[in-house]
Each structure stands twice: as C-alpha cells, then as structure tokens.
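Each remark here refers to the structure printed beneath this line.
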Amino acid sequence: MRCGPKAACNTVRRFANAAVSQQALPRPTRRRLGGIALQIALIVVIGGLAYGAAYNAALNLSHAHIASGFGFWNNTAGFDISQTLVTYSASTSSFGRAFWVGLLNTLLVAAVGIVLATTLGFVIGIARLSRNWLVARLAGGYVELVRNVPLLLQLLFWYNAVLKSLPLLHGSMALPGGAILNNRGLFLPRPLFGANFSAVVIALIVGIAAAIGLHVRAGRRRERTGADGHILWPALLLIVGLPSIAFVAAGFPLSFSAPQMGRFNVSGGVEILPEFAALALALSVYTAAFIAEVVRAGLLAVSHGQTEAAQALGLRPGQTLRLVVLPQAMRVIVPPLTSQYLNLIKNSSLAVVIGYPDLVQVFAGTVLNITGQAVEVIALTMAVYLAISLFTSLTMNLYARATAIAER
Amino acid sequence: MSAIGDQAYLRALPAEKLPPPAERRGMFGWLREHLLSSPANIALTLICILLIVWVVTPLVRFFLVDAVWSGSDRDACLASSAQPNPGACWAFVRVWFSYFVYGFYPLAERWRVDLFLLALALGMVWLAWLSAPRRDIGALYFFVVLPVLSFILLHGAPLIGLAVVPTSLWGGILVTVVVATIGMVFSLPLGIFLALGRTSDMPVIKLAAVSFIEFVRGVPLITVLFMASVMLPLFVPEQSAPDKLVRALIGVALFASAYMAEVVRGGLAAVPRGQYEAARALGLSYWRMMVLVILPQALRVTLPNILNTFIGLFKDTTLVFVVGIFDFLRTIEAARADPKWAAPNTTLTGYAFAALFYFICCYGMSRYARGVEAYLTRAGRR
C-alpha cells in the first residue's frame, strides 16, 4: 500500500506487525524462546565483532605509533586552504579550525546548489507538462540525459573540459562591471561597506518583516471575506523601497573595489574558485533533473477535478494555480524534494575529486593524511552528515504532520 | 400514420460521420494544436527551435563532421593547415579502447574477461526476460554459480591451469562491471534480510537493522568507501588485510544494501495483510511464510524500484575512483593525462565516450524498468 504521511505509514505498519505476531499464538512459548535466543545470538555476534575490531585496531595503531583520541584537535594545522569563509592561517590555526572551514565550505556549496537546483528543477518540471510539444520534449530530453550520466563524470566535465579550457591569465576575459574571468576563477568586484551600512541592513529586515506581516494579514482577510488582496506591489515597495531610502539617507555607504590584473595573478576583488563553480554547477544541473521529476509527479498528483472546480468557482488561471493546485501539489512535492536536498548535500562530498576544500577534502583528506587518525576523523565526518540528515528528516516529519489532510 | 409517412422523409441509415475540419486534421492540425495554439506558444516554439539549432549544430560538427577518426598520436588531433578546426579526437578513443575495457589485464588472458562478460550477459538476459524458461535455475545461476565462476575466471585458479591475475591489473569497464555486479548480487539478499529485520517484532533485531539502514543512508558513499579502505584494514589482524578492490566492493555492497532494504520494505508493506494471515492460518512458519508467500509478491511489486536502485548503484560505481581503483572513468582520466595525446579536444572526447557508455547502460536499464512496470500494471489489472 502506498501511504503518504509518515505517521500514517507507521500506523499501518504497526497494525501489520501486530497482525503477524497475533497469528503466532498457537505456539507462543516456543516461538518467543526462539526469538529471544536469536536476539541474544545477534547481540553476541555484534559485540564479538566490535570487540575484535577494537582489539585489532588498538594493536595495529600501537604498531604504527598512531595516537588515538581527539588530542590533535587543538594542534596547529600547518596546511593552506584555498577558500576560507572564516579567518584561517596555516601557521596559527588548529585542525579544529580547519574542520569548521571545511564544514562551512560544504554548507556554502550546498546552499548555492540547492537554490540553483530548485529554480532549474521547477522550471523544467513545469516545462515537462507544457502543452507545447517541443518544450515538453526538450525538458524530457534534459531529464533523461542528465539522470543517466554519473554525477562524477559530469563534475569532471564541468571542471576539466569547461572551466579549465577558459582563457589563461594573460588572455583573461573582462566582463561588464569590472569582473574578470579566466581559468583560475571568476573575480568579482569586492563590495566595501561604509560606516552606516548597518542602517540599510536594518531597513531591509524591517521591510521583509513588514511584507510578511502584510502577507499574513491578507491571508486572514481572504479566509474571512474571500476577497483576494493584492499585496505584491506594496510588499515589493517595502522590501526594496525601505533599504533604498536608508541607503540614500546614510549617504551611499557602499563602494566597490574592482579586481586588478597583475603579471602573475589577479589581486583584489572576490574570487570564485573554478572548483567551487564546477561543483555548484554539476550539483545543481544533476539534482535539477531529479527535482523536475518530483515537481512533475507532484503536479500530476493533484486531480484535474480540482482545477475544474476552481474554474467553476470563477477563479482565474493564476489564482487556480496559486490557491488550489500548488498548495496541494506542495504536500506531495516537499518530502521527496527534501530527500533530493539531502542527496545534494551528500553528493557535495565529490568535491574531493576536483580539490574543492569541503569537509571531506579538508578533514577526511588532508587532516587524515597528516594525523593518520582514521577512526576519529572518519567517524566525525560521518557524524556531521548523519546529523544533517537526521535533523532534516525530523523537520520533514513535523512538516508532514502539519500538512497532513485530516481524513474522516 | 401513412399521412405522416407521405410528408416526412425518415432516413433509414445514420449519416456518415463527417471528418474533422481540415485545420484540425493530419500534420497541420497536430502542429496547430501542439506547437502553434497561441501567440505565446508560437514564441516558445520558435525559441525552442533556435535553441536546438544553436546547440545541435555545433555538437554534430564537433563530434561527427570535424572529428578525427584515426591517427597514432596527438598530431592527428591538433589544428593544422589540412584541418584548421579539428573536432572530437576519436582516434584517441580507438587507440586506448582496449585499455578502457580491460585495464592492464594481461593480453594473453583477456579471453577470460570476454568469457566472463559473456557468462554475465547470459545470466542477465535469463533473469531480465520475464517469460524465459526456468527462471528459477536462472536465479540460481546468477546468484550462486556466476560469482564462483567469475572469481575462477577473473582471479584465476592455478589448480586448473589459470594463472592468477592480481586485482591491481584489472581496470576499465571490467572493474566497473565487476563492482556493479557484485553490488547487485550481494545487496539484494542483504537488503532483503535488513528489510525483514526492520519489519520484525523482535526489538534487538529491529534496532540493529534500523540503525544500520539509517546510518548508511545518512552518510555519503565516499565516506563509506573511505571507511572501507582506511578503517577496515585497522579492524582485522595486520597480516589478513583484504585486497584494495575487495575493500571497495565491501563498501559498495553494504551501501547499496541499505538502499535496497528500504525498497524491499516498500514491497513488503504493499503485500495485503490477508496474505500474512492466510499463510499463518495454513500453519506456515515465519521463514516458510516469507519465502513461499510474502517475498515472491513483495519483490514482484517492487521490481521496478529494485531496478532503479541498480541504476543508482551503477552510476555510483564511478566513486571507487576516489579510493584509487581503476574503474572505467579512472582509465579515461589516466589516458587523457597521457602527454602523447595532449590535444585540446582529447579530454572532451574521452568524457563524451564515457558519457555514451553510461548513458546507454543506464537508459537501457530504465527503459527496461518502465517496461516491467507496465507489464506488472497489466498483469495486476486482469
């Protein structure tokens, strides 16, 4: 049986299990004793394996003169990392600091990948259902092509075949706005924030909060009266207008420092590493194909009667999509969408192949090679991914419970 | 009555159906409906046609028209007066082809690889062709005979005169196929046991199965491979550390089995409760109930999902690259680094060749999975 929300699944399963165990009544004692014996045997086997592994590991490690425990955490790392979101230097920072740098790089590429993949995936998923034959076929072709080629191959393609074949330093492309592109990366102008820039940030936060308030109020009014208030323009005005006023009032506290071409490198500006760009591109192009399938399935899951009923009530096509179809489709879309996000985060560990300094490359690669403490390093790396997965599934279960249709 | 009969004309036969209006018929009707139904649609169609022309033309030029098909080193693929704008360097693929298939497997022993691939193909066709005769023997052949036979063939058995070929010499498509097949052969039974454990009512077994499945599904394959290749040698006595390829195989098989377990669990949940109850009422023990009644139905229902897991597994085999095993993708990487073939287009050609191989395998499997799904739907409707 296909059951949607997790809670319902669990209930169904519980009944199924209960039914099975009740059928065992004719020979209850024998069966229960057998079960207990089997479980004890399993405990003994697992315990024995764990003990043997620990014993061998201790022996092998002492032979190789490798320390155990997390004593290395505060030792000086002594290696450079090509992209650091927090201050880090090879000579003074610790292995622990390197761990955080790697983790932040993983989260950065995952966040960028998720935004791009979601955008592209929704566009392609909707395009697959287009009434235009050519559009639907093109979107279908994209999905089939991308899904059936391994991600690692796509990553190597973007990195070695596309980004590495960009012009060399002396032939750099100058892009509009002062940006520079060559095979060492994309160099963007670095924003320099003035003294009063915080006022603009505060104005932006206030604007977004006010827009959310407006949205909530409009939603309440629609529930009460059925009138559909238009809040798009006032909301945009709040989000864009307030910070703009603050920007002018604070005396334009923002300037840019353009990257400068040197003889041997590009100085100044914000550098986007080719490794980062390749990984973000590969992850988002690959995951977008899966998200497109999720979106398509979600939209198809809303029965056509819903659209017809909405039209019969006099809703315009845009309103039908926004108020009737999408809210129902999202209930189907969000759980598999989240698991695609998790896949993307886990797949970002492919960074190690092209040398983007993510958690696996920095910690399970470099730190492991320097310290040799495989058990601690790999266990911690796995724990991070496990924590991200468990946290996400927990959030998902809450969402599923909140949006489950209360059936009579 | 006859008065009416005189005045009115009653038609005895129904009128012939009129064909639909000309503009809704044939090719033009189809074009009108699917491509040109509104101004926005016409614009979309035009954009798509432009996009196709803009993408496909250079691709065809690069990979077919301007491509270099033969040559013995990079000079053939470099720009020259004869070919100012050379395209894909297929000569590179031709020269390296046997390396892409066999790796460094000794030339004299390559017939053993061919025989293995043939035996594997036989097993796959036997299992995949749903109305093949004696598929039970086929399953026995695939899951028991084939692994033993492949080991003897590929690794060698000095007793019967087959020289041992160490796994460090294996490479290319051979390794990709071996990793994928071992993954399939071991992950399915393991996955079934894990799924049974997870649905079991014995708390210890359930806890063990759930922890294993959730742990493996929560971490990336790369970390599992790292664990298998770095930590596994620590956990066994020093002198009995397994071979590098075997370590990666263990990692892949364990990883795939966790995903397989979830797929099988879906199948178990899809078997109606009445089936469990009926089997129990007949007095079947747990294992007889599972083997004779529940699993055949569960696996049948979930066959398309099992196949999809295999497709994922096949793509994931590329990751053994990371722990230094020369699978197909790694041989491409090694070959393109050869200075003898250092030309601007060899990298792209190598990747295109690899993409073609993986696409054909995965797309073929996914078409087959869809076929099976359609077959099961038809069979279920009856």
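The values are calculated or read from the model by the stated rules, or taken from the named source; none is laboratory data. Quick caveat: nothing in here was measured; it's all calculated off a predicted structure. We place every Cβ from the backbone using ideal geometry, glycine too, and count neighbours over all the protein chains shown.
Mind checking which residues of the range B:312-357 are aliphatic (A, V, I, L, M) and either farther than 27 Å from residue B:58 by Cα or not in a helix (DSSP H, G or I) (or both)?
Once the filter is applied, which keeps residues that are aliphatic (A, V, I, L, M) and either farther than 27 Å from residue B:58 by Cα or not in a helix (DSSP H, G or I) (or both), the range B:312-357 yields B:313, B:319, B:320, B:322, B:323, B:325, B:334, B:337, B:342, B:343.
Any residue in the range B:146-168 that is in contact (Cβ under 8 Å) with a residue 60 or more places away in the chain sitting within a Cβ distance under 8 Å of a residue that is among the β-branched types (Val, Ile, Thr)? List the pairs, counting only those 6 or more apart or interchain.
B:167/B:246
Take the range B:287-298 and flag every residue that is crowded, with 18+ Cβ neighbours inside 10 Å and either under 21 Å from residue B:365 (Cα atoms) or within 13 Å of chain A (Cβ to nearest Cβ) (or both).
Within the range B:287-298, B:289, B:290, B:293, B:294, B:298 qualify.
Failed condition for residue B:204, given (1) in the same structural domain as residue B:254 (by TED's automatic domain parsing); (2) free of Cβ contacts under 8 Å to residues at least 40 places away in the same chain; (3) aliphatic (A, V, I, L, M); (4) closer than 18 Å to residue B:115 by Cα, with all others met?
(4)
For residues that are more than 7 Å from chain B (Cβ to nearest Cβ) and under 22 Å from the mean Cα position of the chain (by Cα), tally how many sit in the range A:152-166.
The total comes to 4.
Condition first: hydrophobic (A, V, I, L, M, F, W, C) and within 10 Å of chain A (Cβ to nearest Cβ). Now tell me which residues in the range B:338-368 satisfy that.
B:348, B:352, B:354, B:355, B:356, B:357, B:359, B:360, B:361, B:362, B:365
Across the range B:335-351, what is the total count of residues that are without any contact (Cβ under 8 Å) to a residue 40 or more places away in the chain and within 19 Å of residue A:148 (Cα to Cα)?
1
Can you find a residue that is surrounded by 14 or more Cβ atoms within 10 Å (Cβ to Cβ), assigned to a loop (DSSP other than H, G, I, E, B) and on the phi < 0 side of the Ramachandran plot anywhere in the range A:233-241?
No, the range A:233-241 has no match at all.
Of the residues in the range B:179-216, how many are under 18 Å from residue B:250 (Cα atoms) and touching a helix residue (DSSP H, G or I) at 6+ places or on another chain (Cβ under 7 Å)?
19
All but one of (1) more than 30 Å from residue A:324 (Cα to Cα); (2) of a type in the set (Ser, Thr, Tyr); (3) assigned to a helix (DSSP H, G or I) hold for residue A:287; state the number of the condition that does not hold.
With respect to (1) more than 30 Å from residue A:324 (Cα to Cα); (2) of a type in the set (Ser, Thr, Tyr); (3) assigned to a helix (DSSP H, G or I), residue A:287 is out only on (1).
Just give me the residues in the range B:217-263 being crowded, with 22+ Cβ neighbours inside 10 Å and without any contact (Cβ under 8 Å) to a residue 24 or more places away in the chain, in sequence order.
Residues satisfying the conditions are B:219, B:220, B:223.
Out of A:319, A:306, A:340, I need the residue that is modelled with pLDDT of 90 or more and farther than 19 Å from residue B:315 by Cα. Which one?
A:306
For the range A:290-308, enumerate the residues that are among the small types (Gly, Ala, Ser) and either in a helix (DSSP H, G or I) or under 23 Å from residue A:349 (Cβ atoms) (or both).
A:292, A:297, A:298, A:301, A:305
Mind checking which residues of the range A:242-286 are without any contact (Cβ under 8 Å) to a residue 40 or more places away in the chain, hydrophobic (A, V, I, L, M, F, W, C) and exposed (fewer than 14 other Cβ atoms within 10 Å of the Cβ)?
A:248, the sole residue that qualifies.
With respect to residue B:73, determine if the residue is surrounded by 14 or more Cβ atoms within 10 Å (Cβ to Cβ), touching a residue at least 12 places away in the same chain (Cβ under 8 Å), within 24 Å of residue B:354 (Cβ to Cβ) and touching a Pro at 6+ places or on another chain (Cβ under 9 Å).
Considered against the rule, which asks whether it is surrounded by 14 or more Cβ atoms within 10 Å (Cβ to Cβ), touching a residue at least 12 places away in the same chain (Cβ under 8 Å), within 24 Å of residue B:354 (Cβ to Cβ) and touching a Pro at 6+ places or on another chain (Cβ under 9 Å), residue B:73 comes out as no.
Would you call residue B:194 in contact with a Phe, Trp or Tyr (Cβ under 8 Å, 6 or more places away or on another chain), part of a helix (DSSP H, G or I) and either touching a residue at least 60 places away in the same chain (Cβ under 8 Å) or of a type in the set (Val, Ile, Thr) (or both)?
yes
I need the strands (runs of 3 or more DSSP E) fully contained in the range A:105-219, keeping only those with at least 3 residues that are crowded, with 17+ Cβ neighbours inside 10 Å.
A:180-182, A:185-188
Let's see how each residue does on (1) free of Cβ contacts under 8 Å to residues at least 24 places away in the same chain; (2) closer than 17 Å to residue B:130 by Cβ; (3) not assigned by TED's automatic domain parsing to the domain that holds residue B:193:
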position: B:306; (1), (2), (3): no, yes, no
position: B:328; (1), (2), (3): no, no, no
position: B:353; (1), (2), (3): no, no, no
position: B:360; (1), (2), (3): yes, no, no
position: B:377; (1), (2), (3): yes, yes, no
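Among B:100, B:62, which is the only one that is closer than 30 Å to residue B:152 by Cα and either modelled with pLDDT under 85 or not assigned by TED's automatic domain parsing to the domain that holds residue B:330 (or both)?
Result of the check over B:100, B:62: B:100.
May I ask you to list the residues in the range B:171-213 that are under 18 Å from the mean Cα position of the chain (by Cα) and either of a type in the set (Val, Ile, Thr) or within 8 Å of another protein chain (Cβ to nearest Cβ) (or both)?
The answer is B:173, B:175, B:176, B:177, B:178, B:179, B:181, B:182, B:185.
Going through A:248, A:294 one at a time, which residue ends up being modelled with pLDDT of 85 or more and farther than 18 Å from residue A:339 by Cα?
A:248
If you take the residues in the range B:214-255 that are among the basic types (Lys, Arg) and more than 20 Å from the chain's Cα centre (by Cα), which one is farthest from the other protein chains (Cβ to nearest Cβ)?
This residue is B:244.
Name the residues in the range A:78-100 that are touching a helix residue (DSSP H, G or I) at 6+ places or on another chain (Cβ under 9 Å) and aromatic (Phe, Trp, Tyr), would you?
Within the range A:78-100, A:79, A:88, A:95, A:99 qualify.
How many residues, within the range A:69-79, are out of contact with any strand residue (DSSP E or B) (no Cβ under 8 Å at 6 or more places or on another chain) and surrounded by 13 or more Cβ atoms within 10 Å (Cβ to Cβ)?
Residues meeting the conditions: 4.
Of the numbered conditions (1) within 12 Å of chain A (Cβ to nearest Cβ); (2) under 26 Å from residue B:167 (Cβ atoms); (3) surrounded by fewer than 20 Cβ atoms within 10 Å (Cβ to Cβ); (4) modelled with pLDDT of 90 or more, residue B:327 fails exactly one; give the number of that condition.
(3)
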